[in-house]
Amino acid sequence: MPPNRGKIFQTFVALFSFPLLVSCSSEDKINFLGQTAPGEIPVIFAPELVSTELDEFGCTMSPDGQELYFTRTFLDPHRHTIMVCRQGPTGWSQPEIADFSGQHPDAEPNFSPDGKRLFFGRLRLTEDNAMISEIYAMDRMAGGWQEPEYIMPGMYATISEKDILYLTDISQGMQVGDIVRSEYSAGQYSPPEPLDDHVNSPAQDAHPFIAPDESYLIFDSNRPGGYGNNDLYVCFKNEDGPWGDAINLGEPINTPAYEAIPSVSPRGEYLFFCRAGDIYWVDMKVVTKKKMESTYKD
């Protein structure tokens, strides 16, 4: 979860085979709260509706495009809360506190690729007054979401179509992180295993968004050589299996400010992330180009 950021607290074949590019007919396109689609320069998403004078970050949209969940930090009480907007017959609703949130510090929701599960983080104060982050998940039933189920310690979980969970290991503290993975089998998740040093570094590496087919991983890191504070990076899966080297997404995505907590729209059109307390979005072509550059380089 984000630290204080100073707002309130501070090739051709490859191109057409790469899964980031999604073709949708006009009637299939998702209505992103009536917002004008961004180009390759990030803009604030849904200003005054989603992104306000409060602190917002960590958003996810349902695969059918009918729900948007995001995190908002209220000042009274001072805690992270998960909000939801829903699309109905007359348009999108105003944000409201999600039914399962509001009683605990909850944040950073993410849908499973099929939309049947929702993962999120919940902060808990231990008996010795240490704050820890835990992953919860809910299954969607006919009448709505089931009760949240505890999964494991960690922060910011996303899941692939193969039921492999990617999350941030913060067992050494909230300001230290490694990206780990956990496979689901026989009704439970395996002990998390860290990704290799193509992804992780001695610095903080956090908030992994895994592509549904695991072809790419977008995350943030404060490793040396960036633009300042946390930057967004992408790793692409090589044909022989291992991850490629982490690539800084560069300008205009990254700036001296805090860029972090990435997610991608259900059909791969847009990249969402937070910057200095607002949610931004940008065309995923900025990531596609990094894939092409790495292909040519290789």
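The values are calculated or read from the model by the stated rules, or taken from the named source; none is laboratory data. Remember, predicted model here, so these are calculated numbers, not experimental data. Backbone-built Cβ (ideal geometry, glycine too); neighbour counts: all protein chains shown.
In table form, for the structure just shown:
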| item | result |
| --- | --- |
| Extreme residue, modelled with the lowest pLDDT, among residues of the range 154-179 that are β-branched (Val, Ile, Thr) and farther than 16 Å from Val264 by Cα | Val176 |
| All positions within the range 51-73 that are in contact with a strand residue (DSSP E or B) (Cβ under 6 Å, 6 or more places away or on another chain) and either of a type in the set (A, V, I, L, M, F, W, C) or over 24 Å from Asp283 (Cα atoms) (or both) | Leu54, Phe57, Cys59, Met61, Leu68, Phe70, Thr73 |
| Subset of the range 270-292 (residues that are touching a Phe, Trp or Tyr at 6+ places or on another chain (Cβ under 9 Å), modelled with pLDDT of 95 or more and not aromatic (Phe, Trp, Tyr)) | Leu271, Cys274, Arg275, Asp278, Ile279, Val282, Asp283, Met284, Val287 |
| So Val286, is it touching a Lys or Arg at 6+ places or on another chain (Cβ under 9 Å), at negative phi and not in a loop (DSSP other than H, G, I, E, B) | no |
| Residue tally, condition surrounded by fewer than 23 Cβ atoms within 10 Å (Cβ to Cβ) and within 17 Å of Pro266 (Cβ to Cβ), over the range 70-97 | 5 |
| Residues of the range 133-175 that turn out to be within 30 Å of Trp243 (Cα to Cα) and among the acidic types (Asp, Glu), as a count | 4 |
| Lone qualifier among Tyr189, Tyr233 - being surrounded by 15 or more Cβ atoms within 10 Å (Cβ to Cβ), within 22 Å of Ile164 (Cα to Cα), under 17 Å from the mean Cα position of the chain (by Cα) and of a type outside the set (S, T, N, Q) | Tyr233 |
| Yes/no for Gly102 being more than 25 Å from Met131 (Cα to Cα), small (Gly, Ala, Ser) and either under 14 Å from the mean Cα position of the chain (by Cα) or assigned to a loop (DSSP other than H, G, I, E, B) (or both) | no |
| Positions within the range 44-69 being surrounded by fewer than 22 Cβ atoms within 10 Å (Cβ to Cβ), assigned to a strand (DSSP E or B) and of a type in the set (Val, Ile, Thr), in sequence order | Ile44 |
| Residue check for Glu239: out of contact with any strand residue (DSSP E or B) (no Cβ under 6 Å at 6 or more places or on another chain) and at pLDDT below 95 | yes |
| Residue within the range 252-269 that is within 18 Å of the chain's Cα centre (by Cα), outside any helix (DSSP H, G or I), small (Gly, Ala, Ser) and under 21 Å from Pro194 (Cβ atoms) present | yes |
| Qualifying residue in the range 252-260 (condition: in contact with a strand residue (DSSP E or B) (Cβ under 8 Å, 6 or more places away or on another chain) and within 20 Å of Glu161 (Cα to Cα)) | no |
| Given (1) under 16 Å from the mean Cα position of the chain (by Cα); (2) surrounded by fewer than 16 Cβ atoms within 10 Å (Cβ to Cβ), index of the condition Ala142 fails | (1) |
